[in-house]
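Visitor: One structure follows; several queries about it will come next.
Bear in mind that the values in this text are calculations on the coordinates, not laboratory data. Every value quoted in this text rests on a predicted model; they were computed, and no experiment measured them. Cβ placement follows ideal geometry from the backbone for every residue including glycine, while neighbour counts extend to all protein chains displayed.
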Amino acid sequence: MNKPKVNKDLKLPTNFDELMIGGGNGVGVLATVNSGFRTFHPVFDYNKCVRCMFCWIYCPEGCIDKTTVDPESGKIMLEVDMDYCKGCGVCANECPTKCISMVKDGDDDE
C-alpha cells in the first residue's frame, strides 16, 4: 500500500501568507501520524465478518489492510492501520453485518 510519509521537517505556517492554497500540506504528506484528531477507532468482530470487503472499498483513507490471512481458517483478516485511520466511521456504517463497532480511543486495551 502506498502510504504518505510523515514529514518531520514540515514547517507549519506562521501567518496567512504562508498557507498553501488547497490541501494543507500538499499531496502525500502528513504533518503528524494520524494528524492527531481521531476520537473513535474501528474494532472488528471477526465472528460476524463475512469478508464482503465493503469496509475496504469505502474507507476514505485506504487504511484497511486485507493482506493478512488467518493460518487456521485461511480467511482474510482485515486490519486497520491506526496511524492513518481518522475514526470517521464510514467502515462501520457501510458494513452490512455490523461487525465493525466504533470505540472511543482509550476505552479498550489497544
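Visitor: Near Cys85, within a Cβ-to-Cβ distance under 9 Å, what is the net charge of the other residues, with Lys and Arg +1 and Asp and Glu -1?
Guide: So the environment of Cys85 carries a net charge of -1.
Visitor: Need one number: nm distance between label points at Met77 and Glu18, each 7 Å from Cα along Cα→Cβ, rounded to one decimal.
Guide: Rounded to a tenth, the inter-label distance reads 4.4 nm.
Visitor: Ignoring solvent entirely, what values of log10 I(q)/I(0) come out of the Debye formula for region 41-87 at 0.20 Å⁻¹ when each Cα is a single scatterer?
Guide: Per q value, in the given order, log10 I(q)/I(0) is -0.66.
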